[in-house]
Each structure stands twice: as C-alpha cells, then as structure tokens.
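Just so it is clear, none of the values below were taken in a lab; they were calculated from the coordinates. Because the structure is predicted, anything quoted here is derived from the model rather than measured. When we count neighbours, we look across all protein chains shown, and the Cβ atoms used for this are built from the backbone with ideal geometry, even at glycine.
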Amino acid sequence: MMTTRLPEEFLTQIKDLLGDNEANLLAEALEQEPSVAIRTNTRKPCTLPLWADAGHKVAWSINGRYLDERPQFTFTPQLHAGGFYVQDASSMIHELILKQIAPEHPICYLDLCAAPGGKTTAAINMLAEGSLVVANEYVPMRSQILKENIQKWGYPNVIVTNSSVERLCKTPGLYDIIAIDAPCSGEGMMRKDEEARRQWSKSLVSECAALQWQIVCDSWDTLKQDGYLIYSTCTFNRQENEEMVDRICSELGAESIRLEVEDNWGIQPGLDTPHHCYRFMQHHTRGEGLFVAVLRKTAEQKEWLPRKSKRSGKAPKLPTIDWLSGNDWHFTEHNGTICAISRDHAPILDEISQCTKVIMAGIEVAAVKGKDLIPQHGLALSTSLRSDAFPRVELDYPTAINYLQREAITLPDGSPRGFVIVCHESMPLGFVKNLGNRANNLYPQEWRIRTSLPK
C-alpha cells in the first residue's frame, strides 16, 4: 500500500473533472491493490506455469490475461525466454488498436517513447510478418532495458535507438504508424507508484503538456500521409489528454479515429471533446489509468524513398553465416557484432544510422573472435534461428534457474560439445559452450538473476 497521501490539489482537480461522486470512487480505487496481468508472445509458443491457467482474459486484448495473484516472475524461465510479458491490462489496448488500423501487409512502425518495451512487444504481436519496428528511448539506461525486452521477444526486424525525437525523426514520410506513449504527470499510476504521488503538481502537468506537444510536432513530418498516430498517456487531466488531441486536430489537421470498443469493458469516452478519445480509470476498468486516441494524418506528405548511402568506402567483408532461416538477410557489423535484418529494411537502417544512435540493428548474430564466430544471445532467442543450427539440450527447472543466475551448470551425459542452446519447456534460454567436463555459461552478465531461489 502507498504511504504517500494523494495530493489535495490533485483531488480537487479530479472533482472538477469528474464531479464529486465519480471523483470519490476514483480516489477510493487509487488506494486499492493494483491488478496483475500478463500478455503472451504469439510468435513463441509457450507452456505457461500453472498459475497462469487460472487467469481471466483481458477483454480488449487478444493475448492478455489477469492473474489472481502476483507470482515470483523472476524465477519463471518462460519470462526470460520471451514467452510472455508482464504488463498492466490497460496498456494492452494497443493490441486492439493495431488489430483495427494496421494493414495486413508489412509496414514501418515507430514507437517513440518505447521503454521498457510493453507497447512495442504488443505491436509486434499484431503487425504483419515482415514489418519493421523502430523502438526508441531517450534515456540511455532505459534504452538498454528496452533492448533486453525486445531481444527476449525474438522478432528479427527491430531497430532499437537511443535518441532525441528531433534527431530520429528527420526523415519525412517514413512511418506508417507512430506510437507516442508520452512522458506525463503520471496521475494514472498513483495506485502503484509512490513517486507519482510525491512529484505531482500543477506545474508538472503544464511542463508535461509542453513536452508532449513538442514531441508530436517533432515527429509529425516523419509520419506518412494517411498514416496513424497512436497518442497515449497514463494521466487523467484534460490538458495532457483531450486538449492535446484537440490541438493535434486543429493545428496539424489530423482526424480522430473511432475505435470499436464494447460498452461492458468500462472504457470511458473523452471529456468535453468532439474527438474520439478513450479513458481507462481504476473505478471503471481493471487496470491502471490510461488515456489513448488514434489520429490519422490528412495533410499531404511526400513519402520517403531510399537514396544512395552517404557512407564512404566499401562495406567490410563479413563471414558467411547460415544460422538463420531463409536467405533474404542483410548482414552488417554493428558495435563489433555481426547483425542481421531483412534485406528490405537495410536502406531504412542505413538512413537511421546516419542521424542517430542505434543500439540494436536487428538480430545480434555473432561476434568475431580471431577466426571463430561466437553466437550471440539475441540469436538464441530469435524466432528466425534455424531449428537445426545448433544442438539443443533440455534443462530441468532447478538447472534452468542456475543457468539464468549465470552459475555453472552440468549438461546431461552425451550432450554434444561446442555451442549448445539450452532450453526449458522447449523454449531456448541461451547458449553454453560445452567443453565435455564442464559447460561455460554464456548468459549475459547484465541479465542474470541476482537473487536466490526461495526455499
């Protein structure tokens, strides 16, 4: 339970916004325990633990379910393998949105404020195979968390960037859909985040609104004509929500898009606005506070066309790698690692790399060490890894946890030597190098479970 009281000015604000009765119900809901929910990875068949079987479906999510209680996720190997993602149920609305607006053919999708990766992985679930996803996070530490979660999800055509919006969005007419889960005053998180209560003020609301408008303006030209902007916040006030949508429509010429939602889901309409806006509030829906609107760009916009790279010199010759399914791959060297992305998306990767910092360029396949290729962790988790590229060894639960703690493990007798993918419940966890008498644990040091399994 929260120790910080709800700010009095905030309580006054929601009374002005909702009226006394609704405001009191919301304030009461903000003092209750938050719900727990997970969303499964459609691209990775996963046998979920028994505690997930009792879960109830999230109405607006194809792949989401509520849990009756919060288990010890840290000690669930399927989580580390990318079989599911722990996400607040309200945020799963992005699945429904993309089901309704995303075409059946591959597109270019940009998630501008993507960390820790929940909405990005939800998008990957719903986009057509072959789509390119660019996931950006401005804060360096958070961008590393984003990269980790994206790698676990296993989709090959993802570029992770650590950039300002202004730098990333220099290219006009590049993206079919842009998602902006904008930095906000966090009113909708006051049930589960102590800091959201402590930091809230009216001045913070105004500061966030100014930043949100700047992000929208800086990114608008990179959205294609007739492309969609998914705008969301986790706050309640109109200044950051309906007023922002009103401004996008009136000043940028956008059209608000109606979503098909069921009345019994508890999703509320926007307040005092002619546009289609959707509110999740804790006293109506089982999830945290969220605001979302979908806007279509109606203004004329010239689409981006690939151009000759400005990079000078020949590309370095890379070793031949046949560990991936199919042969339509573009290989590049990035930060000392050989990476692979669909050949169709290579020009966009080149374009992005020239204007901003790329921290993940598709699948991290291998590191070169002398004449040897060292397979990388992202390869083990990729859905594009050939099933016969490396031998696989199944681990029991205690051994799987030891592996995820980056401890020494012993493979069963007769296990093949060399690089081996270790699995639990048939899901790849990562690589070891089996030397016969021992197996070197190659799980990323920075990802390891740092606590002991409770007895």
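All C-alpha to C-alpha distances of the stretch 362-404, sorted into 5 Å bins beginning at zero, yield P(r) values of 5, 19, 20, 21, 22, 9, 3, 0 percent in whole numbers.
A Förster radius of 30 Å combined with the Cβ-Cβ distance from residue 225 to residue 86 puts the calculated FRET efficiency at roughly 0.20. Gain on full extension, evaluated as 0.36 nm per residue between residue 355 and residue 199 minus their Cα-Cα distance, stands at 52.8 nm.
Here, the stretch 176-246 yields an orientationally averaged convex hull projection of 4.9 nm² when only Cα atoms define the hull.
Taking all C-alpha pairs of the stretch 13-146, those more than 23 Å from each other amount to 44 percent.
Longest span of the chain, sites excluded, free of GluC sites (Glu not before Pro) in DSSP loop with at most 13 other C-beta atoms within 10 Å? The answer is 130-259.
Rg over Rh for the stretch 391-455 works out to 0.94, both radii taken from alpha-carbon positions and Rh defined as the Kirkwood radius.
Of the trypsin sites (Lys or Arg not before Pro) found in the stretch 399-453, those in coil by DSSP whose Cβ has at most 10 other Cβ atoms within 10 Å are 450.
Applying 1/(1 + (r/R0)^6) with r as the Cβ-Cβ distance of residue 417 and residue 69 and R0 = 41 angstrom yields a FRET efficiency of 0.40. Simple rule: put +1 on each Lys or Arg Cβ and -1 on each Asp or Glu Cβ in the stretch 391-455, find the dipole, and look at 440, 403, 427; the Cα lying farthest toward the positive end is 440. In µm²/s, what is D for the chain at 25 °C and 0.890 mPa s, where D = kT/(6 pi eta Rh) by Stokes-Einstein and Rh is the Kirkwood radius from Cα pairs? Estimated diffusion coefficient is 105 µm²/s. Net charge dipole, the chain: roughly 2040 debye, given to the nearest 20, about the Cα centre with Cβ charges of +1 for Lys and Arg and -1 for Asp and Glu. Model label points for residue 4 and residue 325, set 7 angstrom from Cα along the Cα-to-Cβ axis, are 4.7 nm apart. Average 1/r across all pairs of distinct alpha carbons in the stretch 316-455, invert it, and you get the Kirkwood radius: 16.4 Å. Measuring r between the beta carbons of residue 298 and residue 167 and using R0 = 35 Å, the FRET efficiency lands at 0.85. Compared with the direct C-alpha span, the chain from residue 43 to residue 29 gains 1.5 nm at full extension, assuming 0.36 nm per residue.
Cross-link partners for residue 44 among the aspartates and glutamates, with Cα-Cα distance under 15 Å and sequence neighbours closer than 8 places in the same chain left out: 129, 425. Within the shell of other residues whose beta carbon sits under 9 angstrom from the beta carbon of residue 37, the net charge comes to +2, with Lys and Arg scored +1 and Asp and Glu -1. Binning the alpha carbon pair distances of the stretch 9-51 at 5 angstrom intervals from zero yields the distribution 5, 17, 17, 11, 8, 8, 9, 9, 12, 4, expressed in whole percent.
Computed from phi, the 3J(HN,Hα) profile of the stretch 88-97 under the Karplus parametrisation 6.51, -1.76, 1.60 (θ = phi - 60°) reads 4, 4, 4, 5, 6, 4, 4, 4, 5, 4 Hz, with x in place of Gly and Pro. Within the same chain, aspartates and glutamates fewer than 8 places from residue 369 are excluded, and of the rest, those with a Cα less than 18 Å from its Cα are 322, 333. A helix-only calculation puts the chain at -7500 deg cm²/dmol for mean residue ellipticity at 222 nm, using -39500 (n - 2.57) for each DSSP H run of at least four residues, averaged over all residues.
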